[in-house]
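The values are calculated or read from the model by the stated rules, or taken from the named source; none is laboratory data. Since the structure is predicted, the reported quantities are computational estimates derived from the model, not experimental observations. A quick note on method: Cβ atoms are made from the backbone with ideal geometry, for glycine too, and the neighbour counts reach across all protein chains shown. Accessible surface areas use protein heavy atoms only, side chains included; no ligands, DNA or RNA. Shrake-Rupley method; radii C 1.70, N 1.55, O 1.52, S 1.80 Å.
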Amino acid sequence: MSSVLDTLIERGFIKQFTHEVEIRELLEKEKITFYIGFDPTADSLHVGHFLALMLMSHMQKAGHRPIVLMGGGTAMVGDPSGKTDMRKMLTREDIEHNVNCIKSQVGRFIDFSDGKAILANNADWLMNLNYISFLREVGSHFSVNRMLTAECYKQRLEKGLTFLEFNYMLMQGYDFLQLNKKYNCVMELGGDDQWSNMISGVELIRRKESKPAFAMTSTLLTNSEGKKMGKTESGAVWLDPEKTTPYDFYQYWRNVDDSDVEKCLSLLTFIPMDEVRRLGSLKDAAINEAKKILAFEVTKLVHGEEEASKAEKAAEALFSGGKDMSNVPTVTITKDMVGGALLEALLYTKIIPSKSEGRRLIQQGGIVVNDAKITEVNAVLSEEDFKDGSVLLKRGKKKFYKIVVE
């Protein structure tokens with residue numbers, strides 16, 4: 001009898017197990033409760049988190065119950081994993097705001113109806129802990145010698161690891177213990193950079209409760225060169241449409257490297273694997289059809305089919321000679337900007353982050369207005385530029401904006 005584990009392995013999710021044979025037997029015979037934690041360090045999740053949500057969704061579709069754990073408590077400390085410097089310390093108000101924003105996003109991927117999933121916040125048990133009691137109950141089960149060999153700490157020791165962050169592993173282990181007691185949660189899932197932290201929870205439950213507990217890590221979302229995906233020149237690729245527009249989100253996946261198409265289709269869509277392999281095997285110009293499918297399917301999952309269709313139509317209009325410009329990303333300027341400096345309009349609409357960046361782009365030929373390359377940094381956005389009531393501006397090779405007057 002096959003289980004969700006076969007699906008996850010075939011699609012390339014699973015990187016490491018704590019107890020592979022026991023986990024396989026468990027997932028084949030029982031419906032379990034598992035959890036993935038999300039520290040609310042920003043007011044939106046990004047595409048790296050999306051992989052975790054897809055992993056969670058596959059598990060839920062197979063009948064297992066997910067716990068989405070918001071790190072309202074652990075975010076007060078900051079996870080040192082994968083960081084060369086200490087994270088910025090957030091206020092309670094910042095964290096609460098971020099938690100509320102992320103809660104609304106998660107509901108699009110996980111079904112919380114009829115008790116099919118649980119939303120928890122570790123602030124509920126971490127914020128009021130008695131420190132001495134915590135040290136006696138949890139700290140006594142952790143070896144400092146062993147903690148210092150963990151990858152998440154080793155790379156920080158050279159630059160300086162604060163005692164604040166050193167506690168993070170204990171807190172994550174304690175999270176698993178609490179979820180095990182409250183909800184009979186028996187498994188933690190997460191990215192492979194969390195391996196050391198996840199083992200701590202498994203071992204804490206096994207020692208203190210003499211009960212089975214397990215962990216599986218997923219591969220990180222990296223490209224063929226091993227670099228993390230989901231980064232652009234303007235920053236992270238966010239799931240929040242206000243931070244990364246559906247069009248820019250679509251374009252990110254439309255422009256992935258040919259060698260990354262099959263991996264992305266496998267991890268970030270529900271397309272059957274036979275079709276994934278067929279699409280991934282396409283070569284040269286034909287692979288562009290696979291990229292279009294990837295971009296549409298991922299955008300549909302994150303932003304809905306309507307927004308995915310709009311993004312697709314906008315891309316067709318801009319890159320394939322289509323005539324319908326209604327779905328091209330639109331920005332507005334005020335009337336008094338017409339006849340004024342182009343740089344001022346670009347800064348106002350946030351097409352450029354600064355005037356110095358705008359000047360650099362113009363000097364490198366990276367700003368085009370209505371098919372005309374701008375060569376002067378003091379160029380003016382004139383009334384004649386507004387053909388049919390708008391200006392089509394191209395920034396770089398693939399970023400397009402329709403500028404209208406409000």
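Only a single item in (1) closer than 25 Å to Asn327 by Cβ; (2) open to solvent by 30 Å² or more (accessible area, probe 1.4 Å); (3) of a type outside the set (S, T, N, Q) is not met by Arg359, and it is number (1). Listed by first and then second residue, the pairs with beta-carbon distance under 9 Å, at least 6 apart or on different chains, first residue in segment 19-39 and polar (S, T, N, Q), second surrounded by fewer than 18 Cβ atoms within 10 Å (Cβ to Cβ), are Thr33/Tyr183; Thr33/Asn184.
Okay, residues lined up against (1) within 21 Å of Ser57 (Cα to Cα); (2) surrounded by 21 or more Cβ atoms within 10 Å (Cβ to Cβ):
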position: Thr222; (1), (2): yes, no
position: Asp240; (1), (2): yes, no
position: Pro246; (1), (2): no, yes
position: Asn255; (1), (2): no, no
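Of the strands (runs of 3 or more DSSP E) entirely within segment 1-78, those holding at least 1 residues that are touching a helix residue (DSSP H, G or I) at 6+ places or on another chain (Cβ under 6 Å), open to solvent by less than 10 Å² (accessible area, probe 1.4 Å) and of a type in the set (A, V, I, L, M, F, W, C) occupy 33-38, 65-70.
For Trp125, only one of the following conditions fails: (1) modelled with pLDDT under 85; (2) surrounded by fewer than 19 Cβ atoms within 10 Å (Cβ to Cβ); (3) of a type in the set (Phe, Trp, Tyr). What is its number? Exception for Trp125: condition (1).
Taking segment 177-213 as the range and being among the hydroxyl-bearing types (Ser, Thr, Tyr), open to solvent by 60 Å² or more (accessible area, probe 1.4 Å) and assigned to a helix (DSSP H, G or I) as the test, only Tyr183 passes.
Being surrounded by 15 or more Cβ atoms within 10 Å (Cβ to Cβ), in a strand (DSSP E or B) and not basic (Lys, Arg) is the requirement here; does Leu343 meet it? No; evaluated as a whole, the condition is false for this residue. Just checking, does segment 297-305 include any residue being part of a loop (DSSP other than H, G, I, E, B) and more than 26 Å from Asn98 (Cβ to Cβ)? Looking through segment 297-305, none of the residues is part of a loop (DSSP other than H, G, I, E, B) and more than 26 Å from Asn98 (Cβ to Cβ). State yes or no: is Leu282 under 28 Å from the mean Cα position of the chain (by Cα) and modelled with pLDDT under 95? Spelling it out, Leu282 is indeed under 28 Å from the mean Cα position of the chain (by Cα) and modelled with pLDDT under 95. Here is the figure for segment 354-369: residues that are in contact with a helix residue (DSSP H, G or I) (Cβ under 9 Å, 6 or more places away or on another chain), part of a loop (DSSP other than H, G, I, E, B) and under 14 Å from Gly396 (Cα atoms) total 1. Which residue pairs have Cβ atoms under 6 Å apart, sit 6 or more places apart or on different chains, and have a first residue in segment 6-17 that is over 14 Å from Ala62 (Cα atoms) and a second that is among the charged types (D, E, K, R) and assigned to a helix (DSSP H, G or I)? Listed pairs, sorted by first residue: Lys15/Asp192.
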